[in-house]
Amino acid sequence: MPTDLPDPRAQNSAREAAEKIRRVLEITRGRAFCLFTSYKQMNEVHEQLLGEIEFPMLLQGSAPKNALLEEFRLTPPAVLFATSSFWQGVDVQGEQLSCVIIDRLPFAVPNDPVVAARIEAINDAGGNAFYEYQVPSAVISLKQGFGRLIRSVKDRGLLVLLDNRVLKQQYGRVFLDSLPDYKKTTDLKDVEDFFSNTT
């Protein structure tokens with residue numbers, strides 16, 4: 001969880017995120033899913049990293065989902081850039097997937113008609129839709145994204161959460177408490193040490 005990134009809603013967040021992702025991918029030697037909450041952010045980061053990293057870069061939308069997954073499995077150092085449809089139901093075991101990078105906490109878009117209706121109903125009933133609905137829903141989505149990484153008892157890897165609201169906002173503790181009790185760090189040196197001990 002890097003502490004030096006801007007709020008993910010800031011205008012320069014894609015550029016800063018791309019640089020952090022580049023550094024992480026150098027350490028992990030590719031072998032990563034970069035999961036985004038929007039196509040816009042995914043495409044911006046992918047474009048900024050073209051020619052910046054040495055690993056094959058697969059982009060959601062450039063081929064069918066199953067074809068991208070098969071290419072990822074067959075290309076050891078590949079990096080897949082994708083959005084929410086890759087957050088669940090995807091199974092890549094072993095070292096081929098050693099890192100999952102998530103750009104921001106996966107809150108549902110509040111102006112989606114279904115989401116907006118639920119928020120309105122909870123608030124009208126005197127509740128707090130953010131804490132009663134939006135945070136729990138985002139926690140489930142984050143756990144699904146994290147679940148792409150550890151698929152068997154032999155799997156090991158790195159989850160990178162680029163949204164520092166998880167450290168700075170009170171509700172961030174809910175997200176952290178929902179994840180398994182693995183080592184947590186804000187220091188890339190710890191990441192380097194972790195991967196220096198892999199085969």
*State the number of residues belonging to the stretch 1-30 that are open to solvent by 20 Å² or more (accessible area, probe 1.4 Å), part of a loop (DSSP other than H, G, I, E, B) and within 14 Å of residue 53 (Cα to Cα).*
1
*Being surrounded by fewer than 14 Cβ atoms within 10 Å (Cβ to Cβ) and under 22 Å from residue 98 (Cβ atoms) is the filter here, so list the residues in the stretch 53-66 that pass it.*
54, 66
_Cβ-Cβ distance below 7 Å, separation of 6 or more or different chains: which pairs start in the stretch 145-163 with a residue that is within 11 Å of residue 32 (Cβ to Cβ) and of a type outside the set (A, V, I, L, M) and end on one that is open to solvent by 20 Å² or more (accessible area, probe 1.4 Å) and outside any helix (DSSP H, G or I)?_
157/150
*Any idea how many residues of the stretch 93-113 are over 20 Å from residue 27 (Cα atoms) and in contact with a helix residue (DSSP H, G or I) (Cβ under 9 Å, 6 or more places away or on another chain)?*
7
*Check every one of the helices (runs of 4 or more DSSP H) wholly within the stretch 91-199 and list those with 2 or more residues that are more than 19 Å from residue 7 (Cα to Cα), at pLDDT 90 or above and open to solvent by 60 Å² or more (accessible area, probe 1.4 Å).*
113-124, 188-196
*Scanning the stretch 72-90 for residues that are open to solvent by less than 10 Å² (accessible area, probe 1.4 Å) and part of a helix (DSSP H, G or I), which turns out modelled with the lowest pLDDT?*
86
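The values are calculated or read from the model by the stated rules, or taken from the named source; none is laboratory data. These figures come from a predicted structure and were not determined experimentally. Reconstructed Cβ throughout: ideal geometry from the backbone, glycine too, with neighbour counts over all protein chains shown. Note: areas computed on protein heavy atoms with side chains; ligands, DNA, RNA excluded. Shrake-Rupley method; radii C 1.70, N 1.55, O 1.52, S 1.80 Å.
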